[in-house]
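Worksheet: one structure, shown below.
What follows is calculated from the coordinates using simple rules that are stated; it is not laboratory data. Keep in mind it's a predicted model, so treat the numbers as computed, not measured. A quick note on method: Cβ atoms are made from the backbone with ideal geometry, for glycine too, and the neighbour counts reach across all protein chains shown.
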């Protein structure tokens with residue numbers, strides 16, 4: 001047997017390194033007819049904000065070569081709806097439940113974190129710092145070291161358990177951002193969030209997306225994501241969670257070898273709803289074939 005248990009920061013250990021990426025897995029329940037959710041290390045529910053959000057106008061998703069662009073715009077019914085309606089339905093799952101939180105100001109992040117903190121089954125939150133900071137002219141929190149550190153410090157004071165900060169790849173030096181959130185008290189970092197992209201309908205001579213630009217995900221971004229995970233894993237002492245273009249178990253192993261303690265699978269769920277379990281089984285088989293008895297033996301071992 002292979003020990004697949006791994007630490008993702010703040011003393012939190014999950015039963016295996018397979019997580020799902022926020023925004024691609026709903027609240028988990030949507031996939032319960034395809035896979036046994038209890039076999040996952042955990043699932044990260046869709047981005048949650050303090051107030052309900054309608055999201056962006058349609059069209060807001062478009063397929064691109066080896067990937068997709070999305071501009072959904074964090075559509076959700078708000079944290080109160082999650083606490084009152086969704087959370088009670090998730091409590092019996094064995095897997096860890098992690099909530100991805102977003103905001104337009106530091107006060108927004110703090111308010112969401114404070115509402116989630118009392119919930120015993122929510123042992124971790126993932127802080128999306130790719131959101132535009134309305135008080136800084138729309139610049140994303142995660143594109144400056146000061147902005148990234150400030151929101152991390154505020155959330156860490158509001159949430160007493162594991163705080164994972166999800167890093168934006170749309171920066172010049174992602175390692176410096178990672179070190180800033182580590183200094184701010186982050187228990188772990190996850191990366192990468194989507195890359196900014198654009199696609200144009202040449203017949204209509206206009207962008208496909210209503211917002212013009214959107215977030216690129218899928219297999220096309222994996223080499224960039226692996227490189228950034230490798231850079232960040234060398235720069236910080238806290239656990240790194242890798243994501244971006246993981247389409248199968250072999251991709252997941254790449255991220256682990258680059259330094260990730262766990263991985264998140266996102267866009268691949270739209271193509272194959274069983275991909276998470278298939279990736280988990282691949283990792284188990286890989287470890288057995290290579291005489292690896294503990295997943296920790298692979299972390300950062302390129």
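Taking the chain as a Gaussian network, where each spring joins two C-alpha atoms under 10 Å apart, which residue of 250, 21, 225 fluctuates the most? Evaluated over the chain, the most mobile residue of the options is 250.
For segment 13-122, what class follows from the C-alpha gyration tensor (a ≥ b ≥ c being the square roots of its eigenvalues): rounded when a/c is under 1.5, otherwise prolate if a/b is larger than b/c, else oblate? In terms of gyration-tensor shape, oblate.
Counting 0.36 nm for each residue step from residue 211 to residue 160 and taking away their Cα separation leaves a gain of 14.7 nm. Placing dummy labels 7 Å off each Cα toward the beta-carbon, the span from residue 272 to residue 91 is 3.6 nm. When Rg and the Kirkwood Rh are both derived from Cα coordinates, the Rg/Rh ratio for segment 54-194 amounts to 0.97. Treating each Cα of segment 1-65 as an identical point scatterer and ignoring solvent, apply the Debye formula and state log10 I(q)/I(0) at q = 0.14, 0.29 Å⁻¹. Computed log10 I(q)/I(0) values: -0.61, -1.24.
Neighbour counting of Cβ atoms within 10 Å sorts the residues 85, 182, fewest neighbours leading, into 85, 182.
Taking the convex hull of the alpha carbon positions in segment 202-244 and averaging its projected area over all directions gives 4.5 nm². From largest to smallest, the equivalent ellipsoid semi-axes obtained for segment 181-226 from the alpha-carbon gyration tensor read 32, 13, 6 Å. Note on residue 1 and residue 176: the extension gain reaches 59.1 nm, defined as 0.36 nm multiplied by sequence separation minus the Cα-Cα distance.
Once the mean of 1/r is taken over each pair of separate Cα atoms and inverted, segment 112-206 shows a Kirkwood hydrodynamic radius of 14.2 Å. Summary value for segment 8-149: 21 percent relative contact order, contacts being C-alpha pairs under 8 angstrom separated by 6+ residues. The slack in the chain from residue 224 to residue 57, taken as 0.36 nm per residue of separation less the alpha-carbon distance, amounts to 57.2 nm. Note on residue 282 and residue 183: their simple-model spin labels are 3.8 nm apart, each label 7 Å out from Cα toward Cβ. Which of rounded, prolate, oblate describes segment 219-296, given a ≥ b ≥ c as roots of the alpha-carbon gyration tensor eigenvalues and a/c under 1.5 marking rounded, otherwise prolate only if a/b is larger than b/c? Since a/c reaches 1.5 but b/c is at least a/b, the shape of segment 219-296 is classed as oblate.
Regarding segment 37-99, what's the average projected area of the Cα-atom convex hull, expressed in nm²?
For segment 37-99, the mean projected area of the Cα convex hull comes to 5.6 nm².
Compute for the chain: radius of gyration divided by Kirkwood radius, i.e. Rg/Rh, restricted to C-alpha atoms, rounded to two decimals.
0.94
Sequence-distant contacts, meaning Cα pairs under 8 Å at least 6 residues apart, place the relative contact order of the chain at 21 percent. For the pair residue 248 and residue 289, label points projected 7 Å from Cα toward Cβ lie 1.0 nm apart. Here the Debye sum runs over all C-alpha atoms of segment 157-302 as equal scatterers in vacuum, and log10 of I(q)/I(0) at q = 0.20, 0.21 Å⁻¹ comes out as -1.19, -1.25.
Estimated from the Cβ-Cβ distance and a Förster radius of 45 angstrom, the FRET efficiency linking residue 237 and residue 201 is about 0.45.
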